[in-house]
Amino acid sequence: MNTVITNNTELKLEKKGKDEDILKKYIALFIDNWYWFVLSIVICGGLSVLYLRYATRMYKVNATVLVQDPDKGGGMLGQPSNLLKSFSSIFDMKSSVDNEAQILQTKDLKMAVVKDLELFTTYYDIGTVHKVELFKDCWFKTTVLSDIDSIKNSLFTILSKKGTELKIEEKNSFNGRKLDSIYTVTMGQPFKSRFSRLRIDSINDNYDNKIKYGFALTSVNAIVESLEKELNVDIPNKLVTTINLELKSSIPNKGVEILNILIRDYIRDNIEQKNAFADSTVDFINNRLAVVSNELASIEQNIENFKTNHHLADITTQAQLVLQKEADYAKDESKASVQEQVTQTMLEYVQDVRNNKRPVPSIITNPDPTFLALMEKYNGLLLQRERMGLAGTDNNPLVINIDQQINNTRKDLITSLTNQLVVIRTGLKKIRTENNTLNKYIATVPANERTFLNLSRQQELKQALFVFLLQKKEEVAVTKASNIASVRVIDKPKSTIDPVSPKKTFIIFGGLFLGLLIPIGISNIYNLFNNRLTDLSEIKYLMQTKTPNVGEIDHNRSGITLVYNEKSRSVVAEQFRALRTNLQFILPQQKCGVILLTSSISGEGKSFIATNLGLAYASSGKKVVLLELDLRKPKLARNLQIQSTAGFTNYIATAIEPNDVIVRSGLDDKIDVITSGPVPPNPAELLGSNKTADLITYLKARYDIIIIDAPPVGVVADALLLAPFTDAVLYVIRQNYTYKQHLAFIDELKLSGKAPHLYTVINDVRRKASAKYGYGYGYGYGYGYNTEESKSKKRFTI
């Protein structure tokens, strides 16, 4: 249990340490390159201000409409009809508010708005950088005389105005080619552009010759698509019957007018749709009135002719007595006949395929409840089909489903009317049977009176039908006059006072933040593609074995090899003293210490460190010998300008004594040197010979410190042959020179045991400004001393 807690604690501490390292890394980056950050922030901030100066400001225009939706209780316009109730419950379609929201988004409605406001013509104040749209503030108006639907995208610029003459430049593109034309036109007179026929009229005297005016023609479809993107129709939630309309516009008044026209056209279409049912019923009644009126006129003419021909002035008392009883039968027969004719007419109307998409009028007296429900259902389906046709296509599964339902309901209507007709005719037959009994009695009445009685009965029948139709016509007219839209505006279109985009605060702070990110991004990209080591923190991060670092040597700005002397107080001299001190804790006490310097590749500063480290030891009273054992590419003797006739290779290859190859360094009396000698063809064999061990043993007996300048271990394996003789192997890493992948070789040497006493020395360290604030790496040398460093030119340091 304790182990688990300990591991978790270590993981948390490690994560915290990594987070702190990342934060310190970016703080150091800012301190080291603050001038680049300031420049980037100033540029990005300036670009943000420039963008805000010329960006098109967008405003939001909002409006709210309330929809009568019985399913959601939005009955502000009266009680919900049985038709809507039956439609919603039986077919489980979307509620009315959802359908109305879809209608508000239809292209036909938007296209009507575009044409009403002539949004395909846009007027501009053309500036140097961008165009400013003018809405109802322009001194002229352009009228498109050709087909509006054939408009092509074109930009017209008024180059000059002299009296009523205008010089206009037209710019457009066709099939990828730019087409420019210049016209001289007279205001008020039509002219032909490349794609349209136009006329420009002056509407006020606000022309300013200092302003360049222009106008653009845009295709209607493009304006409609743009309006679709800018208009948002939203239902706040499913518990209300309101619809929110939101439109983005660069000109507040323009957005308000677009929404006003959109709502106006929508309400007008809503009322016209309702009136269509009333108009259909009125047309049907007018047709029947014309037929019945002709029939009634014919019967009245027959009665008039009959009275004239037979010299009849009045009906006799006997006829009145007979008719008194017969009148009851006539009344019943008249009522039944009216029902029969109306029902027959309704049946023929429903069966007529020309009326398939027209609503069924309700003109039957005392209609059967089942038929009434079917009729309301049928008319409701037609209403729904018409609305769905606005928002969908005939291939829509919902449209196909509702067409099937309409056909099935029409069949049910035909069946219901047929059954009613059978019932009516059965009752009429019974009445006529009883009436026939009475007619046998009437047969005794004189023939003239019987004929007159038949004509009167036909007259009464047609009059009753005529009056019934007139009554229904008035009822429908009253219903049509009382029709109002099922929606009303509860919040008129209003624009926001401040623009919603571009957001000033967001753009400014975004620009400043971007200015901060750009140098960081450049730094990260540089580090991503840079394959050389840049600082100690990176070295520690990449080295899995955490090989100890015993010293850091700053960049040698003097350009000379020998930077150390006993009296020097420069930063580099102090760093060599620190390296010497650190090695005292590594090398064996009271014995000669053997130090081997190697690196990954040539040029990382082995010889430079070996020479100055030797001087540091000599200044402390140690007797030092430098061995130049980089037999392939020796530099030590050349740097010290030593001329020697015999060196290490001579000692190995010949029988001379070790003392014969030791020469004075010329630097200090306590420093001797053994040069490499002539370059041999087989350096590895020479370094691995027994005489090499004998030489090291010989030197240990006579010197306090042996410093070996060995070949780069990353290139050849010569240095590994000397590792067993050493007390410390110093692996030189040069900042901005050593490749990152070479650190893997250090790990390999450490893990394999080939160099058990392996330590690193960082050479050519270039101190950054962040180091003095504690965000860099290494130690601060030169405290209390006058450094001999000169400030370098500033550059972007990664």
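The values are calculated or read from the model by the stated rules, or taken from the named source; none is laboratory data. The structure displayed is predicted, hence computed values, not measured ones. For neighbour counting, all protein chains shown are included, and Cβ atoms are generated from backbone atoms with ideal geometry for every residue, glycine included. We work out accessible area using only protein heavy atoms, side chains counted, and drop any ligands, DNA or RNA first. Shrake-Rupley method; radii C 1.70, N 1.55, O 1.52, S 1.80 Å.
Every listed requirement among (1) acidic (D, E); (2) in contact with a Phe, Trp or Tyr (Cβ under 9 Å, 6 or more places away or on another chain); (3) open to solvent by less than 20 Å² (accessible area, probe 1.4 Å) is met by D704 save one, (3).
Candidates are the residues of segment 651-682 that are open to solvent by 30 Å² or more (accessible area, probe 1.4 Å) and among the β-branched types (V, I, T); the one that is farthest from the chain's Cα centre (by Cα) is I656.
Residue by residue, here is whether (1) open to solvent by 50 Å² or more (accessible area, probe 1.4 Å); (2) under 27 Å from L50 (Cβ atoms); (3) within 30 Å of the chain's Cα centre (by Cα) holds:
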site: T106; (1), (2), (3): no, no, yes
site: V113; (1), (2), (3): no, no, yes
site: D125; (1), (2), (3): no, yes, no
site: K131; (1), (2), (3): yes, yes, yes
site: F135; (1), (2), (3): no, yes, yes
site: C138; (1), (2), (3): no, no, no
site: T142; (1), (2), (3): no, no, no
site: S146; (1), (2), (3): no, no, no
site: D149; (1), (2), (3): yes, no, no
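Is at least one residue of segment 725-738 open to solvent by 10 Å² or more (accessible area, probe 1.4 Å) and assigned to a helix (DSSP H, G or I)? So far as segment 725-738 goes, yes, one or more of its residues are open to solvent by 10 Å² or more (accessible area, probe 1.4 Å) and assigned to a helix (DSSP H, G or I).
Where strands (runs of 3 or more DSSP E) fall entirely within segment 175-283, those with at least 3 residues that are among the β-branched types (V, I, T) and more than 25 Å from S495 (Cβ to Cβ) are at 177-186.
Kindly indicate whether any position in segment 577-585 is of a type in the set (F, W, Y) and open to solvent by less than 60 Å² (accessible area, probe 1.4 Å).
Checking segment 577-585: not a single residue is of a type in the set (F, W, Y) and open to solvent by less than 60 Å² (accessible area, probe 1.4 Å).
Exactly one residue out of S193, S249 is touching a residue at least 40 places away in the same chain (Cβ under 8 Å) and either surrounded by fewer than 16 Cβ atoms within 10 Å (Cβ to Cβ) or of a type in the set (G, A, S) (or both), and it is S249.
Restricting the search to segment 343-356, which residues are farther than 13 Å from R425 by Cβ and either part of a helix (DSSP H, G or I) or of a type in the set (G, A, S) (or both)?
T345, M346, E348, Y349, V350, Q351, V353, R354, N355
Among the residues making up segment 742-757, a single one is open to solvent by less than 60 Å² (accessible area, probe 1.4 Å) and among the acidic types (D, E): D747.
Among the residues making up segment 714-724, those that are open to solvent by 40 Å² or more (accessible area, probe 1.4 Å) and at pLDDT below 80 are G714, V715, A717. Considering (1) modelled with pLDDT under 85; (2) within 60 Å of the chain's Cα centre (by Cα), the lone condition that N408 does not fulfil carries the number (1).
What residue, of S607, S600, is touching a His at 6+ places or on another chain (Cβ under 6 Å) and farther than 15 Å from G677 by Cβ? The conditions single out S600. Name the residue, out of A693, A684, A710, that is within 23 Å of H757 (Cβ to Cβ) and modelled with pLDDT under 85. Of the residues listed, the single one that is within 23 Å of H757 (Cβ to Cβ) and modelled with pLDDT under 85 is A684.
Quick grid of which residues meet (1) of a type in the set (D, E); (2) at pLDDT below 85; (3) touching a Lys or Arg at 6+ places or on another chain (Cβ under 6 Å):
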site: S495; (1), (2), (3): no, no, no
site: I520; (1), (2), (3): no, no, no
site: N531; (1), (2), (3): no, yes, yes
site: E538; (1), (2), (3): yes, yes, no
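Here's the yes/no breakdown for (1) of a type outside the set (S, T, Y); (2) open to solvent by 80 Å² or more (accessible area, probe 1.4 Å); (3) at pLDDT below 85:
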| position | (1), (2), (3) |
| --- | --- |
| K15 | yes, yes, yes |
| E20 | yes, yes, yes |
| F30 | yes, yes, yes |
| Y35 | no, no, no |
| G45 | yes, no, no |
| Y59 | no, no, no |
| L66 | yes, no, no |
| G75 | yes, no, yes |
| Q79 | yes, yes, yes |
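Taken over segment 410-436, the criterion of being among the hydrophobic types (A, V, I, L, M, F, W, C) and open to solvent by 70 Å² or more (accessible area, probe 1.4 Å) is satisfied by V422, V423. Going through (1) farther than 24 Å from S689 by Cα; (2) open to solvent by 10 Å² or more (accessible area, probe 1.4 Å); (3) in contact with a Leu (Cβ under 9 Å, 6 or more places away or on another chain) one by one, R638 falls short only on (3).
Going through (1) at pLDDT below 80; (2) assigned to a helix (DSSP H, G or I); (3) not acidic (D, E) one by one, N395 falls short only on (2). With respect to (1) charged (D, E, K, R); (2) farther than 30 Å from Y266 by Cα; (3) surrounded by 14 or more Cβ atoms within 10 Å (Cβ to Cβ), the lone exception for E230 is condition (2). The residue that is most open to solvent (accessible area, probe 1.4 Å), among those in segment 449-495 that are over 30 Å from L262 (Cα atoms), in contact (Cβ under 8 Å) with a residue 12 or more places away in the chain and under 60 Å from the mean Cα position of the chain (by Cα), is K473. Within segment 140-159, residues that are under 22 Å from K212 (Cβ atoms) and touching a residue at least 60 places away in the same chain (Cβ under 8 Å) sit with their Cβ atoms under 6 Å from residues that are assigned to a strand (DSSP E or B) and of a type in the set (D, E, K, R), at 6+ positions apart or across chains, in these pairs: K141/D201; S154/E170; L155/K171; F156/E170.
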